[in-house]
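Peer 1: Here's a structure for you.
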Amino acid sequence: MWARPDGERVLLAGRQDVADFVGGVYHFDRVEVVALTATFDGRSLELEAGDVAVTMRGGAGWRLPLAGIRPPWFTRWVEGWIARPLLGVRTYGVSATGVRQWYRAQEYRPVVEARASLHGIDLGPQRPFIAPVRFGFSGPPRRPSMVRLRSLLIDPLGRLDGVAQHPP
């Protein structure tokens, strides 16, 4: 997911089934299936998606306790009260397509070094995130961060059933 400086919301996906699934949860102005490569070693990320290239290195981080077993109510009512003032993010919401979502953070790392380019042109220095991206109910943390999380999605209308039958 990428929000261009002009506000256009773009999904860059490596496969059509991924584009269909993510596009069924969030609204985009444009969806592109592009050559996509990514490597992540737990601390560093290198990503190329079409004309976009990003590298990031995370600093010392911390794991959140009981990451795999926290119930949805805990994510919404307890974690949400911590995450909103601390990071500026929401842990529960409903997307514009009606999908209920819980973002269960497992690990957090501040980004200590990052570079990004578009069409080979450097996009400038790393800085705090301030503009809303308008993909869904939440956005990225205000400070550049790497957050490993597990999403829980419930689609009461069943529109994701067909695209979720064959997971990526």
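No lab work stands behind these numbers, since they all come straight from the coordinates. Worth saying up front: this structure is predicted, and the values here are computed from it rather than measured. In this analysis, Cβ positions are derived from the backbone assuming ideal geometry, glycine residues included, and neighbour counts consider all displayed protein chains.
Peer 1: Would you mind telling me which numbered condition in (1) out of contact with any helix residue (DSSP H, G or I) (no Cβ under 6 Å at 6 or more places or on another chain); (2) part of a strand (DSSP E or B) Ser138 fails?
Peer 2: With respect to (1) out of contact with any helix residue (DSSP H, G or I) (no Cβ under 6 Å at 6 or more places or on another chain); (2) part of a strand (DSSP E or B), Ser138 is out only on (2).
Peer 1: For Thr39, work out the one condition from (1) surrounded by fewer than 12 Cβ atoms within 10 Å (Cβ to Cβ); (2) assigned to a loop (DSSP other than H, G, I, E, B) it doesn't fulfil.
Peer 2: Tallying (1) surrounded by fewer than 12 Cβ atoms within 10 Å (Cβ to Cβ); (2) assigned to a loop (DSSP other than H, G, I, E, B), Thr39 fails exactly one: (2).
Peer 1: Next question. Evaluate the stretch 129-138: report whether one residue or more is at positive phi and under 18 Å from the mean Cα position of the chain (by Cα). Break it down into steps so the answer makes sense when it comes.
Peer 2: As a first pass, look at the stretch 129-138 and keep what is at positive phi: 134.
Restricting the remaining residues to those that are under 18 Å from the mean Cα position of the chain (by Cα) gives 134.
Yes; the residues of the stretch 129-138 include at least one that is at positive phi and under 18 Å from the mean Cα position of the chain (by Cα).
Peer 1: Spot the failing condition for Ala53; the list is (1) in contact (Cβ under 8 Å) with a residue 60 or more places away in the chain; (2) surrounded by fewer than 17 Cβ atoms within 10 Å (Cβ to Cβ), and only one is missed.
Peer 2: With (1) in contact (Cβ under 8 Å) with a residue 60 or more places away in the chain; (2) surrounded by fewer than 17 Cβ atoms within 10 Å (Cβ to Cβ) applied to Ala53, the lone miss is (2).
Peer 1: Can you tell me which residues in the stretch 22-66 are farther than 26 Å from Pro5 by Cα and of a type in the set (Gly, Ala, Ser)?
Peer 2: Gly42, Gly59, Ala60, Gly61
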